[in-house]
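Each remark here refers to the structure printed beneath this line.
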């Protein structure tokens, strides 16, 4: 499938496209970030537990940088389905409010959504939580739109490319 088409991508198309997107980023690929749901309404992802996420081994806490990375990735991913056509939109700024430390040994869940799209900026929000423990952090992220002129040719096609049957 290429983008745009006569029929807009559905949730399954966006889930596959954003899974492809997060597997191109080395750290999210190595950590096994999973895209659970995606579409114009937002994205939901899950980061399985890895000992590499530990920030404080004595107290059993996740490093705060992991939460920032997770929120930046989710908010940035939420931008793509909110646009008329995918374009490169780097992070302009990201504010993270930490509510409590994340506990080591448990997966992290994140969801993000787009609040507003303008000609030059996309405004997003997101939150991270751990099941049974509630919210860990929230973010407000702004992403600058580079537009079609500054988006590499084939960007959308690469996101929505069919899987290779021999892979």
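Could you work out the relative contact order of region 19-109, using alpha carbon pairs under 8 angstrom and six or more residues apart, expressed as a whole percent?
32
Pick from 127, 15, 116 the residue whose mean-square fluctuation is largest in a GNM of the chain, springs joining Cα atoms under 10 Å.
Its mean-square fluctuation being the largest, the pick is 116.
Rounded to the nearest 0.05, what FRET efficiency do residue 103 and residue 10 have when you use their Cβ-Cβ distance and R0 = 45 Å?
Result of the calculation: an efficiency of 0.80.
To the nearest 10 degrees, how steep is helix 64-82 against the longest Cα principal axis of the chain, on a 0 to 90 scale?
The two axes meet at around 20 degrees.
Under a 10 Å cutoff between Cα atoms, tell me which one of 87, 41, 30 has the largest fluctuation in the Gaussian network model of the chain.
30
Here are some values of Cα extents along the principal axes in Å: [x] 48, 37, 26; [y] 52, 44, 23; [z] 53, 41, 25. Which one was computed from this structure?
Recomputing Cα extents along the principal axes in Å here gives the entry labelled [z].
Which value at 222 nm does the chain reach when only helices count, each DSSP H run of 4 or more adding -39,500 (n - 2.57), with the total divided by all residues and rounded to the nearest 500 deg cm²/dmol?
-8500 deg cm²/dmol
Taking only Cα atoms, what is the 0 to 90° angle, nearest 10, from helix 11-24's long axis to the longest principal axis of the chain?
Helix 11-24 and the main axis of the chain meet at about 70 degrees.
What is the distance, in nm, between label points placed 7 Å from the Cα along the Cα-to-Cβ direction at residue 133 and at residue 46?
1.6
Taking 0.36 nm per residue of separation and subtracting the Cα-Cα distance, what length does fully extending residue 25 through residue 149 add?
Extending this stretch completely gives an extra 42.4 nm.
With the chain treated as a Gaussian network of Cα nodes joined by springs under 10 Å, which of 126, 42, 147 yields the largest mean-square fluctuation?
147
Could you grab the relative contact order for the chain? Cα pairs under 8 Å, six or more apart, rounded to a whole percent.
For the chain, the relative contact order is 24 percent.
R0 = 35 Å: FRET efficiency of residue 118 with residue 57, Cβ-based, nearest 0.05?
That pair, residue 118 with residue 57, gives E of 0.20.
Only the coordinates and a few stated rules stand behind these numbers; no lab work does. This structure is a prediction, so every number in the text was calculated from the model and none was measured. Using ideal geometry, Cβ is built from the backbone for each residue, glycine included, and neighbour counts are taken over all protein chains shown.
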